[in-house]
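Trainee: Sharing a structure, written as structure tokens. Questions coming.
The values are calculated or read from the model by the stated rules, or taken from the named source; none is laboratory data. Treat the numbers as computed from the prediction; the structure is a model and nothing was measured. In this analysis, Cβ positions are derived from the backbone assuming ideal geometry, glycine residues included, and neighbour counts consider all displayed protein chains. Just the protein is used for accessible areas: all its heavy atoms, side chains included, with ligands, DNA and RNA removed. Shrake-Rupley method; radii C 1.70, N 1.55, O 1.52, S 1.80 Å.
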Amino acid sequence: MLFSVFENIRSSGVQLTAVTAPKNAEAVRASEQTETSITLQWNKVSSNTSFVLQFNGTETNISAPDGDVPVNHTVTSLSAGTKYTFMLFSVFENIRSSEVQLTAVTATKNAEAVRASEQNETSITLQWNKVSSNTSFVLRFNGTETNISAPDGNGPVNHTVSSLSAGTKYTFMLFSVFENIRSSGVQLTAVTAPKNAEAVTASEQNETSITLQWNKVSSNTSFVLQFNGTETNIRAPDGDGPVNHTVSSLSAGTKYTFMLFSVFENIRSSGVTIAAVTAPQSPENFRPATQDETSITLQWNKINNNVSFVLQFNGTETIIRAPDGHEPVTHTVSSLTARTKYTFSLFSVFENVRSSGVSITAATGPNYLVAMNFRLKSLNVLSELEINAVLTEFFKHHGLQPQFSLKVRSATPEERKSK
């Protein structure tokens, strides 16, 4: 009530009703941020106190909620990774408080092009596109978090997670961070490379194929064999036995190089290299060249300069080098028994791998001169040609080379008379 006063005499008075400004809102904060919105929260002042939010040159009237719960208001249609300033007034009877200022940011964009760029048996390198120069990252993995700064320049971000187990699947969660506010996050699953196959050997070789064998890695690990510019997929067998794979249609006496990779979830191991050879061709034209009472000379065709030979005879083996030149190979077996049949087995050898081998039987000659007296009833019973055929057949029957000089003489009168 307002009175005018003159000489202690008051006027009838004027009445005025007015209010004090309400308290500022308390505990004003950004309770939630996404890439496009910020939710503001503050404590209610009273049931008859509303609010005005100033932002980007606009004002929004906000009523006080029922009850004693905090006030929540979401500002939408914002830009990701951006800082905004808000002014909040409490309002009572159209009178505003002095204001509360709040600065808050939207969440930054998630990282893009997140992938596993490299994997080995114990580590996975993750790569993703940089968001901005002021955006860092947090990588969550196996219950731990790693802070990763944004690199200088515009290149991608790389981070290697190490000390992992081979052939194992891992899940990673990557958050972009701006002003300590995280993005919604990107999840990535990646695997480590499996272990290389162990005990890789050439278990069997012949003239046209090589069988490779190695230990199984696990039931979910397959293999890729690289050879001569081609790749062959090989599944892991059931059970715990070794893996066997035969490479066929090869050339005899040739060295080949194979590369074997273990494969888990399409990720290959570093690979194992093995060199193996096919067996050489067996010797050709293996035969006895000459024989006498105590020795047999064997002969066969040479294959090439890097193929040697092994001769098996009477439980022993003799290594025979290929001679220079293109002439046949000869080898003499001595200290034999006269008029005895022997069996010889000959193998070609290339890089310690033997051919299937060939065998022949040959005999030594007699230890006396065979005198064959043909008692003829007449001079014309057997001709020289017929005698030659009989002798040739005799030598062949005993496994001997036909080597003789035929001399035919006529019987004397005394011999003719006695016969």
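Trainee: Quick one: dipole size for the chain, taken about the Cα centre, charges +1 on Lys/Arg Cβ and -1 on Asp/Glu Cβ, in debye to the nearest 20. Walk me through the numbers before you get to the answer.
Mentor: Values: 31 positive and 34 negative charges, 368 e Å.
Taking the Cα centre of the chain as origin, the dipole is about 1760 debye.
Trainee: Let me ask another. Using a basic spin-label model with each label point 7 Å from the Cα along Cα→Cβ, how many nm lie between Arg182 and Val5?
Mentor: If labels sit at Arg182 and Val5, their model points lie 6.9 nm apart.
Trainee: Let me ask you something else. How much length, in nm to one decimal, is gained on full extension between Asn24 and Thr316, taken as 0.36 nm per residue of separation minus their Cα-Cα distance?
Mentor: 94.2 nm
Trainee: Taking only C-alpha pairs under 8 Å that are 6+ residues apart, what is the relative contact order of the chain in percent?
Mentor: This gives 8 percent for the chain.
Trainee: Right, another one. Given H placed 1.01 Å from N in the peptide plane, which residues other than close sequence neighbours of Lys216 have an amide H under 5 Å from its amide H?
Mentor: Val243
Trainee: Something else: Share of the range 217-323's accessible area from carbon and sulfur, percent, 1.4 Å?
Mentor: That fraction is 41 percent.
Trainee: Taking GluC sites (Glu not before Pro) as exposed when DSSP calls them loop (any state but H, G, I, E, B) and at most 15 other Cβ atoms lie within 10 Å, what is the longest stretch of the chain free of them, the sites themselves excluded?
Mentor: 294-419
Trainee: Run the simple label-point estimate for Val69 and Arg140 please: 7 Å along Cα→C-beta, distance reported in nm.
Mentor: Spacing of the two 7 Å Cα→Cβ label points: 2.6 nm.
Trainee: Mind checking the angle between helix 384-397 and the chain's longest principal axis? C-alpha axes, 0 to 90 degrees, to the nearest 10.
Mentor: Value to nearest ten degrees: 40.
Trainee: Full-extension gain between Glu293 and Ser132, please, as 0.36 nm times their residue separation minus the C-alpha to C-alpha distance.
Mentor: Result for the pair: 48.2 nm of gain on full extension.
Trainee: In addition: Stretched out fully, how many nm does the piece from Ser149 to Ile95 gain, at 0.36 nm a residue minus the Cα gap? Please report the intermediate quantities before stating the final value.
Mentor: On the way: separation 54, 0.36 × 54 = 19.44 nm, distance 4.74 nm.
14.7 nm is the gain from fully extending Ser149 to Ile95.
Trainee: Same structure again: Report, in listed order, any pair from Lys130/Lys195; Lys169/Lys255; Lys109/Lys195; Lys23/Lys109; Lys23/Lys83; Lys130/Lys216 with a Cα-Cα distance greater than 31 Å.
Mentor: Result: Lys130/Lys195; Lys169/Lys255; Lys109/Lys195; Lys23/Lys109; Lys130/Lys216 exceed 31 Å.
Trainee: Can you figure out the FRET efficiency of Thr337 with Asn233, using R₀ = 60 Å and their beta-carbon distance, to the nearest 0.05?
Mentor: After rounding to 0.05, the efficiency reads 0.50.
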